[in-house]
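The values are calculated or read from the model by the stated rules, or taken from the named source; none is laboratory data. Everything numeric here is computed off the predicted structure, so don't read it as measured data. Here the Cβ is made from the backbone with ideal geometry for all residues, glycine too, and neighbour counts use every protein chain on show.
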Amino acid sequence: MSDKTKSRDFHQARWNEPIIFDLSTPGERGILLPEMEPEIETSAGDALGELPGDLKRSSPPGLPEMAQMRVLKHYLRLSQENLGADLNVDIGQGTCTMKYSPKINEQFAASPQLSGLHPVQDENTVQGVLEIMYQLEQFLKAISGMDRFSLQPGGGSHAILAIVSMIRAWVDDRGLSDTKDEIITTIFSHPSNCAVARAKGFKVINIYPDPKTGRPDLEAFKEAVSERTAALLITNPEDTGIYNENIKELTDLVHAHGGLCSYDQANANGILGITRAVNANFDFCFFNIHKTFSSPHGCGGPGCGVVGVKEHLIPYLPVPLTSFDEANNRYYLDYDVPKTIGKIKDYYGVIPAMIRAYAWIRSLGAEGLLEAARVAVLNNNYILNRIRAMKGAEVPYAEGEHRIEQVRYSFQLLKEETGCGFDEVQRRICDFMCHLWSSHEPFVVPEPFTIEPTESYSKQEIDEYLAALEKIIEEACATPDVLKTAPHNSPIHHVAEHEYLDDPKLWAVTWRMYKNRFEGYFEPKKEQ
Amino acid sequence: MFRLGLIINPVAGMGGPLGLKGTDGEEILELALKKGALPQAPSRAAHVLKALSQEKDKICLLTCPGPMGADTAIQCSMPFETIPLKINQKTSPEDTRRAAKMLQQRSVDLLLFVGGDGTARDIGSAVGERQLCLGVPAGVKMHSSVFALSPHHAAEIALGLIKGRRSQPRLAEIMDIDEEAFRADQLRARLFGYLPVPGSQRGLQLLKAGSSASEKAKQQASAAFFVEEMDPNRLYLIGPGTTTRAILQALGQEGTLLGVDALRDGQIIGKDLNEKDCLALLDQAGFEQATIVVTPIGGQGFILGRGNQQLSAEVVRRVSKKQILVVATPDKLQLLRGSPFRLDTGDPELDRQLCGIYRVLTGYRESAYYRAEL
């Protein structure tokens with residue numbers, strides 16, 4: 001093992017930091033404003049006096065009262081108590097596409113020129129942003145082969161909602177509401193497909209994978225498709241990282257029965273420049289530009305799930321679109337969309353994500369996008385070969401085949417042989433300043449874990465991660481208690497079991513709920 | 001204190017290594033002993049008790065005398081109380097049943113039993129569906145889904161409960177086969193009942209994912225979908241199981257959990273039917289006007305021939321494959337770990353014809369298409 005990949009002597013900081021509301025001292029202030037000068041007071045008058053009474057608070061907001069330096073220290077301490085994206089090797093967050101977002105893109109997104117804009121400014125004064133949005137759409141059209149994009153949705157599930165809303169409108173428009181009432185998806189496609197389809201009044205059909213190939217069972221698919229099929233919502237490659245080369249056979253079948261096809265490209269990282277939605281004859285596609293195109297996923301977001309459509313579905317897109325008026329050489333927000341499903345998000349959508357995506361695409365160019373995909377696939381298959389050789393780890397489906405950008409593995413064997421499975425490895429790997437993610441619904445693969453390296457990680461970092469995994473597997477065999485009592489180098493050693501998350505009575509998602517339900521950390525309030 | 005009951009069937013599993021395909025029945029046990037069989041269950045029980053000893057201050061262990069518990073507890077230095085059960089040198093199924101009843105009367109929080117399918121049947125017949133149980137696998141046959149994957153997993157599940165982990169019990173199938181037929185290389189399995197086992201637990205008879213909605217609510221959801229799609233003029237033969245029972249409950253009908261019931265226009269028209277009854281009803285209804293509704297056996301996936309032999313090859317042959325409707329919650333499908341449904345009607349040619357894709361009701365207005373193979 002080289003110095004570059006050997007395990008670090010890592011220990012997370014522990015601060016026992018109170019919640020910010022507990023640090024509040026009445027009267028303490030971050031900024032003390034000077035008294036207003038008499039000339040200004042005379043000239044400006046009572047600036048707030050003109051506000052209507054019903055817009056004024058009757059009492060001040062219950063915000064914590066603190067000096068600037070204390071606020072800064074508070075948040076710095078908290079930041080040291082997690083495995084932040086800029087600190088750890090997070091290739092274990094498979095399906096999240098945790099790639100590096102160049103800091104200059106962050107600077108663009110946070111620049112005063114952008115953050116100082118008001119969303120209801122006159123269009124003539126925000127031509128720069130509108131131009132970026134318009135150009136970004138042109139890039140996305142080239143990448144996917146679609147004819148028009150809406151940049152409005154605020155994430156992947158929101159994009160699916162927009163797409164299924166358009167499918168609903170398209171079906172209703174044709175007077176087929178009673179006959180086209182089914183949506184087909186696959187068990188490894190986006191988990192929101194079922195929920196959204198149901199919310200929009202469709203019945204849902206799930207296709208399970210062929211046990212050997214891992215691709216959606218073609219025979220089952222043929223049984224499922226009928227004149228009742230309104231649409232197919234599918235991902236390719238699915239979360240297993242297996243590419244379905246028969247995808248066009250599926251879309252052709254749905255089209256032959258008069259349905260529409262939507263391609264979930266939330267994670268397009270392994271196929272950029274290699275294949276396009278249009279090649280498989282899809283009617284819709286969407287990208288999570290906060291994953292594939294620079295913005296960090298999850299809390300590093302916020303997200304943006306852009307939706308592309310073919311020509312015949314442009315009339316249903318959400319408004320506004322961003323268009324260019326050649327005659328007057330100006331960009332504008334276009335509300336002239338005849339059968340639009342309406343507005344699905346306030347104002348422009350999530351501008352910072354669009355700025356980062358625009359900058360990322362511009363910095364790489366077409367060749368760079370292809371290279372990013374190739375490196376992501378290469379990294380993934382290097383890891384696949386290493387993990388295949390690890391004791392207790394299995395690679396379900398498609399034996400011996402390469403995968404695209406990620407792989408869903410299983411620790412079932414390790415669990416059976418040592419009693420240590422995914423949960424234990426997940427807790428232990430924190431001690432190596434690495435991360436392994438737990439959300440792999442549906443649990444068709446037992447003791448699942450998903451690794452997705454993207455193109456950002458160097459071989460040394462990947463080797464560091466794999467060395468940690470190998471060490472943990474050795475421990476599981478020789479000293480399983482080390483895993484069962486992990487993490488050892490983190491501020492919190494006890495992790496609540498999943499079942500607790502299932503009980504709404506124990507949730508405290510706001511400060512007020514926390515105060516009402518809990519007297520101290522993790523101690524339920526005594527019953528009266 | 002967590003009140004833990006423990007019953008070891010000391011002869012369970014002894015026939016396995018000798019290829020005897022079971023140890024049920026005195027004759028076979030004699031043969032096993034003659035062939036030099038060694039007890040399997042005590043070492044498996046010891047594995048569990050050693051793991052539990054880390055929390056022994058929180059456990060009040062109640063167990064049986066001698067080889068049915070006390071010997072192993074002593075070996076593992078685990079404090080325990082013995083129940084006043086008199087056993088002979090050669091233990092019997094009756095001992096297991098009496099022990100289970102006595103432990104239930106002593107209000108144990110969890111009844112751990114170490115054995116195989118035969119032991120599970122004895123426990124089930126003694127405590128019914130009112131005692132939280134967990135099987136530690138030690139038998140030759142373990143077709144029931146009441147068993148943990150291994151002694152290791154059993155200890156882990158028990159430790160979770162001892163440490164206060166919340167868990168909604170779920171009813172798991174008690175299955176057993178006809179050992180005489182099995183020894184002649186014929187597999188005939190029957191559903192004997194259900195036992196409540198800790199639900200939402202990893203490690204119990206194949207992985208079961210944590211889930212915010214209870215299994216029962218999901219069963220009700222697919223039952224509601226069935227009712228919505230139901231054709232009032234059609235005859236439905238509803239197979240055994242808790243998933244299919246939810247359909248009858250949704251209609252306000254009292255069905256039989258382990259039997260086949262006939263349904264038409266929302267009303268039960270025949271209860272606990274045998275093969276002959278089913279054939280008569282099918283003749284009466286006209287074959288095209290009937291649907292057979294079944295649910296897979298948890299963790300194993302048999303949709304025909306295990307636990308629902310009333311729906312015999314002769315019965316199934318009267319309808320087309322498309323007239324067989326499967327009902328299963330998503331969790332139940334996931335328990336199969338990607339394995340297909342299985343068929344065992346007793347007629348290999350019919351099983352071969354029935355292979356292929358089935359429609360499965362999985363929730364309200366949700367279905368799946370799932371493959372059955374031999």
*When you look at residue B:350, is it more than 30 Å from residue A:409 (Cα to Cα) and in a loop (DSSP other than H, G, I, E, B), yes or no?*
no
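Among A:485, A:418, A:479, which is in contact (Cβ under 8 Å) with a residue 60 or more places away in the chain, of a type in the set (Ser, Thr, Tyr) and out of contact with any Ser or Thr (no Cβ under 9 Å at 6 or more places or on another chain)? If you could, list the steps in order and put the result at the bottom.
Values: A:485 fails: in contact (Cβ under 8 Å) with a residue 60 or more places away in the chain; A:479 fails: in contact (Cβ under 8 Å) with a residue 60 or more places away in the chain.
Result: A:418 is the single residue among A:485, A:418, A:479 that is in contact (Cβ under 8 Å) with a residue 60 or more places away in the chain, of a type in the set (Ser, Thr, Tyr) and out of contact with any Ser or Thr (no Cβ under 9 Å at 6 or more places or on another chain).
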*Filtered residue count, the stretch B:320-340, keeping only those that are over 16 Å from residue B:241 (Cβ atoms) and in contact with a Phe, Trp or Tyr (Cβ under 6 Å, 6 or more places away or on another chain)*: 1
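Each row is one residue, and each column tells you yes or no for (1) under 30 Å from residue A:487 (Cα atoms); (2) over 34 Å from the mean Cα position of the chain (by Cα); (3) surrounded by 10 or more Cβ atoms within 10 Å (Cβ to Cβ); (4) in contact (Cβ under 8 Å) with a residue 60 or more places away in the chain.
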{"site": "A:11", "(1), (2), (3), (4)": "yes, no, yes, yes"}
{"site": "A:42", "(1), (2), (3), (4)": "no, yes, no, no"}
{"site": "A:51", "(1), (2), (3), (4)": "no, yes, yes, no"}
{"site": "A:56", "(1), (2), (3), (4)": "no, yes, no, no"}
{"site": "A:67", "(1), (2), (3), (4)": "no, yes, yes, no"}
{"site": "A:70", "(1), (2), (3), (4)": "yes, no, yes, no"}
{"site": "A:78", "(1), (2), (3), (4)": "yes, no, yes, yes"}
{"site": "A:81", "(1), (2), (3), (4)": "yes, no, yes, yes"}
*Would you check if residue A:192 is surrounded by fewer than 17 Cβ atoms within 10 Å (Cβ to Cβ) and of a type in the set (Ser, Thr, Tyr)?*
no
_Which count do you get for residues in the stretch A:391-413 that are surrounded by fewer than 22 Cβ atoms within 10 Å (Cβ to Cβ), within 14 Å of residue A:425 (Cα to Cα) and in contact with a Ser or Thr (Cβ under 8 Å, 6 or more places away or on another chain)?_
2
*Within the stretch A:383-423, restricting attention to residues that are among the aromatic types (Phe, Trp, Tyr) and under 20 Å from residue A:482 (Cβ atoms), which residue is farthest from the other protein chains (Cβ to nearest Cβ)?*
A:411
*May I ask you to list the residues in the stretch B:357-374 that are more than 8 Å from chain A (Cβ to nearest Cβ), surrounded by 22 or more Cβ atoms within 10 Å (Cβ to Cβ) and more than 15 Å from residue B:219 (Cβ to Cβ)?*
B:358, B:372
_Please verify whether residue A:355 is among the hydrophobic types (A, V, I, L, M, F, W, C), in contact with a helix residue (DSSP H, G or I) (Cβ under 7 Å, 6 or more places away or on another chain) and over 18 Å from residue A:459 (Cα atoms), treating the condition exactly as stated._
yes
*Filtering the stretch A:430-486 down to residues that are in contact with a strand residue (DSSP E or B) (Cβ under 9 Å, 6 or more places away or on another chain) and of a type in the set (Phe, Trp, Tyr), which residue is nearest to the other protein chains (Cβ to nearest Cβ)?*
A:449
*Among the candidates A:199, A:169, A:230, residue that is under 22 Å from residue A:311 (Cα atoms) and within 14 Å of chain B (Cβ to nearest Cβ)*: A:230
*Of all residues in the stretch A:434-489, which are of a type in the set (A, V, I, L, M, F, W, C), farther than 25 Å from residue A:14 by Cα and part of a helix (DSSP H, G or I)?*
A:462, A:466, A:467, A:473, A:476, A:477, A:478
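Answer yes or no as to whether residue A:63 is within 36 Å of the chain's Cα centre (by Cα), at pLDDT 85 or above and assigned to a loop (DSSP other than H, G, I, E, B).
Details: within 36 Å of the chain's Cα centre (by Cα): yes; at pLDDT 85 or above: yes; assigned to a loop (DSSP other than H, G, I, E, B): yes.
Yes: the conditions hold for residue A:63.
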*Could you list, in sequence order, all residues of the stretch B:341-356 that are within 11 Å of chain A (Cβ to nearest Cβ) and either touching a Phe, Trp or Tyr at 6+ places or on another chain (Cβ under 7 Å) or buried (at least 20 other Cβ atoms within 10 Å of the Cβ) (or both)?*
B:341
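Given the criteria in contact with a Ser or Thr (Cβ under 6 Å, 6 or more places away or on another chain) and within 14 Å of chain B (Cβ to nearest Cβ), does residue A:189 qualify?
yes
Could you check how many residues of the stretch A:330-359 are assigned to a loop (DSSP other than H, G, I, E, B) and in contact (Cβ under 8 Å) with a residue 12 or more places away in the chain? First the steps, then the outcome.
Start the filter on the stretch A:330-359 by keeping residues that are assigned to a loop (DSSP other than H, G, I, E, B), which leaves A:335-350.
Adding the requirement that they be in contact (Cβ under 8 Å) with a residue 12 or more places away in the chain leaves A:335, A:337-350.
The number of residues fulfilling the criteria is 15.
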*Sort out which residues of the stretch A:184-214 are farther than 18 Å from residue A:403 by Cα, assigned to a loop (DSSP other than H, G, I, E, B) and among the hydroxyl-bearing types (Ser, Thr, Tyr), and write them in order of number.*
A:208
*Would it be correct to say that residue B:298 is in contact (Cβ under 8 Å) with a residue 40 or more places away in the chain and either buried (at least 24 other Cβ atoms within 10 Å of the Cβ) or within 14 Å of another protein chain (Cβ to nearest Cβ) (or both)?*
yes
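Taking the stretch B:92-146 as the search range and keeping residues that are part of a helix (DSSP H, G or I) and among the hydrophobic types (A, V, I, L, M, F, W, C), which one is farthest from the chain's Cα centre (by Cα)?
That would be B:102.
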